[in-house]
Amino acid sequence: MSDLVAAADLDVRLEGHRRELTGYCYRMLGSAFEAEDAVQDTLVRAWRSIDKFEGRSSLRSWLYRIATNVCLDMLNAGNKRARPVDLTAATPVAQAQLNSRPEVTWLEPVPDGRVLPTVEDPAEAALARESVRLAFVAALQHLPPKQRAVLILREVLAWKAAEVAELLDTTVASVNSALQRARSTLAESAPKETDPADPLDEEQQKLLDRYVAAFEGYDMAALTALLHEDATLSMPPYDLWLRGHDDIVGWMLGVGSVCRNSRLLPTVANGTPAFAHYHPAPEGGFTPWALMVIETSGGKVSGICSFLDTDRWFPLFDLPARLDKDGRPAPAPAG
């Protein structure tokens, strides 16, 4: 009986670290699904080798060591995920073509609840949200894997240099040098500042409400008024992206006009507001079309990234598989 109790207690202790480890692995890998695989691998390795855990460090530190090694092994394959804006130049709407790239190309969205721990300190919570923004995680992908690990551990998770050195089996001097190089690289590709988004203040909520009204009503004049002049629109898995409200509206009045009469359901992703975008279905009601991640700054929308692989994203975000004719969650049709 005592062995069973000990095993159950270990399960609980390991599972207690799942969310923060998932956040760490997501920042390292840029993929929600790969992060979950990495954490599962980490916990299995920890379970199998618990007899070798000598308690010289905390269980948490030991798990981070395992998770780091798992991520470094995965990154040795050479995959570096990106956003469309990281791969090509903006395309004028008159020349826009939809070219799809493989899934492994793309930086992936992630639900806040899977990667952001519950913390009391508002400043700490804001830092955690900022560190999973699509733009920040995309910037991390420019770093070599070990520099990436050092920067996340030191700057995001606030580990001491000596703790990181022990985790990576290196010296404090090497950790400090890696951190300096990582900071320098990030400074060259610094992500744009965006408004803090949790909780939304009154003005931000009004902006999002106006955005929903303009999009669902397909009111392009109203939408233009909500977009920064240099706002961007991207649609993974396509490498096309557009810059500027004129080109965005031009797209939505052309190829994108299939989105007329859509419905948006609010959610959150990567520490920012997001919407589940549902498209009118021929048989009535609405079916999944995209997960739309929104970034705002200065009271306007600065970026829209619509992830179109809804078979992957809607289940991950626990979103309804269908809306009824009134835009409410509805059971999917049988068969």
Inset, instruction - Output yes when any residue across the stretch 277-298 is open to solvent by 40 Å² or more (accessible area, probe 1.4 Å) and touching a Gly at 6+ places or on another chain (Cβ under 7 Å), and no when none is. - result: no
Inset, instruction - Have a look at A135, A231 and point out the one that is open to solvent by less than 80 Å² (accessible area, probe 1.4 Å) and part of a helix (DSSP H, G or I). - result: A135
Inset, instruction - Out of P315, P273, report the one residue that is closer than 30 Å to V119 by Cβ, open to solvent by 30 Å² or more (accessible area, probe 1.4 Å) and under 22 Å from the mean Cα position of the chain (by Cα). - result: P315
Inset, instruction - Taking D86 as the residue in question, decide whether it is touching a Ser or Thr at 6+ places or on another chain (Cβ under 9 Å), part of a helix (DSSP H, G or I), open to solvent by 70 Å² or more (accessible area, probe 1.4 Å) and at pLDDT 90 or above. - result: no
Inset, instruction - Could you please let me know if A221 is open to solvent by 70 Å² or more (accessible area, probe 1.4 Å) and under 26 Å from Q97 (Cα atoms)? - result: yes
Inset, instruction - Please enumerate the residues belonging to the stretch 234-246 that are surrounded by fewer than 22 Cβ atoms within 10 Å (Cβ to Cβ) and out of contact with any Ser or Thr (no Cβ under 6 Å at 6 or more places or on another chain). - result: G244, D246
Legend entry - Single unsatisfied condition, P266 versus (1) under 28 Å from D201 (Cα atoms); (2) surrounded by fewer than 19 Cβ atoms within 10 Å (Cβ to Cβ); (3) under 15 Å from the mean Cα position of the chain (by Cα): (3)
Legend entry - Close pairs (6 angstrom Cβ cut-off, 6 or more residues apart or separate chains): modelled with pLDDT under 90 in the stretch 196-218, surrounded by 17 or more Cβ atoms within 10 Å (Cβ to Cβ) anywhere: A197/T272; A197/P273; D198/R129
Legend entry - Given (1) open to solvent by 20 Å² or more (accessible area, probe 1.4 Å); (2) assigned to a loop (DSSP other than H, G, I, E, B), index of the condition L186 fails: (2)
Inset, instruction - State the number of residues belonging to the stretch 279-335 that are β-branched (V, I, T), assigned to a strand (DSSP E or B), without any contact (Cβ under 8 Å) to a residue 40 or more places away in the chain and out of contact with any His (no Cβ under 7 Å at 6 or more places or on another chain). - result: 0
Legend entry - Cβ pairs under 7 Å, 6+ apart, first in the stretch 232-258 and on the phi < 0 side of the Ramachandran plot, second among the aromatic types (F, W, Y) and modelled with pLDDT of 95 or more: T232/W241; L233/W241; L233/W251; S234/W241; P236/W106; P236/F307; P237/W106; L242/W251
Legend entry - Scan of the stretch 126-141 for residues that are more than 19 Å from P109 (Cβ to Cβ) and touching a residue at least 40 places away in the same chain (Cβ under 8 Å), ordered by number: A126
Legend entry - Residue satisfying condition, being open to solvent by less than 60 Å² (accessible area, probe 1.4 Å) and not in a loop (DSSP other than H, G, I, E, B), within set R148, R65: R148
Legend entry - Hey, A67 touching a Phe, Trp or Tyr at 6+ places or on another chain (Cβ under 7 Å) and among the hydrophobic types (A, V, I, L, M, F, W, C) or not: yes
Legend entry - Test: A158 is of a type in the set (A, V, I, L, M, F, W, C), surrounded by fewer than 19 Cβ atoms within 10 Å (Cβ to Cβ) and touching a residue at least 40 places away in the same chain (Cβ under 8 Å): no
Inset, instruction - Determine which member of the set D41, D51, D37 is part of a helix (DSSP H, G or I), modelled with pLDDT under 95 and open to solvent by 30 Å² or more (accessible area, probe 1.4 Å). - result: D51
Inset, instruction - Being buried (at least 19 other Cβ atoms within 10 Å of the Cβ) and more than 11 Å from the chain's Cα centre (by Cα) is the filter here, so list the residues in the stretch 117-130 that pass it. - result: A128
Inset, instruction - Residue by residue through the stretch 251-263, note down the ones that are open to solvent by 30 Å² or more (accessible area, probe 1.4 Å), in a helix (DSSP H, G or I) and in contact with a strand residue (DSSP E or B) (Cβ under 8 Å, 6 or more places away or on another chain). - result: V258
Legend entry - Whichever residue in the stretch 91-116 is of a type in the set (S, T, N, Q) and over 15 Å from the mean Cα position of the chain (by Cα) and, among such residues, is surrounded by the most Cβ atoms within 10 Å (Cβ to Cβ): T91
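The values are calculated or read from the model by the stated rules, or taken from the named source; none is laboratory data. Nothing here was measured: the structure is a model prediction, and the numbers come from that model. All Cβ positions, even for glycine, are placed from backbone atoms using ideal geometry, and neighbour counts span all protein chains on display. Note: accessible area is taken over every heavy atom of the protein model, side chains too, but ligands, DNA and RNA are not part of it. Shrake-Rupley method; radii C 1.70, N 1.55, O 1.52, S 1.80 Å.
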